[in-house]
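The values are calculated or read from the model by the stated rules, or taken from the named source; none is laboratory data. All values reported here derive from a predicted model rather than from experimental measurement. In this analysis, Cβ positions are derived from the backbone assuming ideal geometry, glycine residues included, and neighbour counts consider all displayed protein chains. Side chains are part of the model used for accessible areas, which takes the heavy atoms of the whole protein and leaves out ligands, DNA and RNA. Shrake-Rupley method; radii C 1.70, N 1.55, O 1.52, S 1.80 Å.
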Amino acid sequence: MQNDRVSGLLQRYGPYALVTGASEGIGSSFAEELARAGMNVVLVARREDRLHTLAKALEDRYKVLCPVIKADLSNAEELDELLQVTNSLEICLLVCNAGFGTAGTFLNADIQAEMNMLDVNCTAVTRLVHHFGCKFKHRGKGGVVLLSSIVATQGVGRSAHYAATKAYVHTMGEGLQQEWQGTGVDLLIVAPGPVETGFAQRSNMRLGRAATPEVVAHESLKALGRHRIVRPGWLAKGMALALSTAPRWLRVKIMSSIMGSMTQHLSR
Ligand SMILES: NC(=O)c1ccc[n+]([C@@H]2O[C@H](COP(=O)([O-])OP(=O)(O)OC[C@H]3O[C@@H](n4cnc5c(N)ncnc54)[C@H](OP(=O)(O)O)[C@@H]3O)[C@@H](O)[C@H]2O)c1
């Protein structure tokens, strides 16, 4: 899966991309797609062994460089270190992909896990986008990809806090798109529906139909610089279309009912 739009990323932005959450799922697919387009890719996540395995595979296959950085993005010191060690690299494209979800009723949730999710899904994204956004603006070019979700555009019962973290990212992305007009810096919001990755198991959700991570990465990189938002795969597009004319209160009901069926196995 490759076309000119994706293969032109190196010429459009520059030599290095950075992908957070590259050890698995959508992030691994972003890394592969970027390496295939000839970009060097900095791979970031906590599981270093998986990052090294991916780095070796991509370096052998596409003859690019894939530096590995082990970082827990919920840890402010490790995040600082990540920003420092990447200063020597000409990073031109940032994919803020790392994230996780929780499901079940909020009052029964483990509050430490919820606060950790806020750190990874929101705080780390804010710091990364500010840090690299300043560099890109100064350089007059760059690309930022933010992982939102179909749950971001209304409240969702039984995943209330996760949906709120994605609403944060989505809303910030929309505002930055306005602020960055004419700067040469592109920002894409990616709002997938269910995707076949380790996400559902970790979030304790049961997905029915789902898009593949390869489709999410490919459609997103094709859309970067052309569109403001992409909903990869037919399921996300269909769900967004079906919800588009519904008032917000009805969208909340519908999405909460879908989440209810995805978390039926949980007593809470
Ligand atoms: N799958 C879906 O249905 C779906 C739908 C809409 C949006 N999304 C969004 O897409 C993004 C990627 O999800 P995915 O489906 O690919 O999930 P995944 O397969 O569970 O992968 C999540 C990635 O995030 C990394 N990560 C998690 N916590 C981290 C931390 N504290 N520090 C550094 N890295 C961390 C993980 O790496 P380590 O564990 O090695 O650190 C892993 O590489 C997320 O932002 C998610 O919200 C997913």
Scan of region 219-239 for residues that are open to solvent by 20 Å² or more (accessible area, probe 1.4 Å) and either part of a helix (DSSP H, G or I) or among the polar types (S, T, N, Q) (or both), ordered by number: Glu219, Lys222, Trp234, Leu235, Lys237, Gly238, Met239
message: Given the condition touching a Phe, Trp or Tyr at 6+ places or on another chain (Cβ under 9 Å) and either within 11 Å of the ligand (Cβ to nearest atom) or farther than 19 Å from Leu224 by Cβ (or both), answer yes or no: does some residue in region 166-174 qualify?
response: no
task: Starting from region 25-40, take each residue that is over 12 Å from Lys63 (Cα atoms) and list its partners that are among the small types (Gly, Ala, Ser) and surrounded by fewer than 24 Cβ atoms within 10 Å (Cβ to Cβ), counting only C-beta distances under 6 angstrom and pairs at least six apart or across chains.
output: Gly25/Gly198
statement: Of the listed residues (Val95, Val125, Val85, Val68), the one being at pLDDT 95 or above and surrounded by fewer than 14 Cβ atoms within 10 Å (Cβ to Cβ) is Val85
- request: Take the residues in region 98-122 that are hydrophobic (A, V, I, L, M, F, W, C) and over 13 Å from Leu73 (Cα atoms), then tell me which one is most open to solvent (accessible area, probe 1.4 Å).
  value: Leu107
task: For region 184-209, enumerate the residues that are open to solvent by 30 Å² or more (accessible area, probe 1.4 Å) and more than 6 Å from the ligand (Cβ to nearest atom).
output: Gly184, Asp186, Glu196, Gln201, Asn204, Arg206, Leu207, Gly208, Arg209
statement: When region 38-57 is checked residue by residue, the ones that are more than 12 Å from the ligand (Cβ to nearest atom) and touching a strand residue (DSSP E or B) at 6+ places or on another chain (Cβ under 7 Å) are Met39, Asn40, Val41, Val42, Ala55
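Return yes when Leu18 is touching a Cys at 6+ places or on another chain (Cβ under 8 Å), at pLDDT 95 or above, within 16 Å of the ligand (Cβ to nearest atom) and not in a helix (DSSP H, G or I) and no when it is not.
Against the criterion (touching a Cys at 6+ places or on another chain (Cβ under 8 Å), at pLDDT 95 or above, within 16 Å of the ligand (Cβ to nearest atom) and not in a helix (DSSP H, G or I)), Leu18 does not qualify.
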- prompt: within 22 Å of Val129 (Cβ to Cβ) and open to solvent by less than 50 Å² (accessible area, probe 1.4 Å): does that describe Ala57?
  reply: no
message: Can you confirm whether Trp249 is open to solvent by 60 Å² or more (accessible area, probe 1.4 Å) and among the aromatic types (Phe, Trp, Tyr)?
response: yes
message: Regarding region 99-120, can at least one residue be identified that is touching a strand residue (DSSP E or B) at 6+ places or on another chain (Cβ under 8 Å) and either within 27 Å of Arg206 (Cβ to Cβ) or touching a residue at least 12 places away in the same chain (Cβ under 8 Å) (or both)?
response: yes
- request: Considering every residue within region 144-161, establish whether at least one is touching a residue at least 24 places away in the same chain (Cβ under 8 Å) and more than 30 Å from Gln201 (Cβ to Cβ).
  value: no
message: Against the conditions (1) surrounded by fewer than 17 Cβ atoms within 10 Å (Cβ to Cβ); (2) of a type outside the set (S, T, N, Q); (3) away from the ligand (no atom under 16 Å from the Cβ), where does Phe136 fall short? Just the number, please.
response: (1)
- line: Contact list, first residue from region 73-91 and within 20 Å of Lys137 (Cβ to Cβ), second anywhere and away from the ligand (no atom under 14 Å from the Cβ) and among the hydroxyl-bearing types (Ser, Thr, Tyr), beta-carbon distance below 7 Å, six or more apart or interchain, is Leu89/Tyr16; Glu90/Tyr16; Ile91/Tyr16
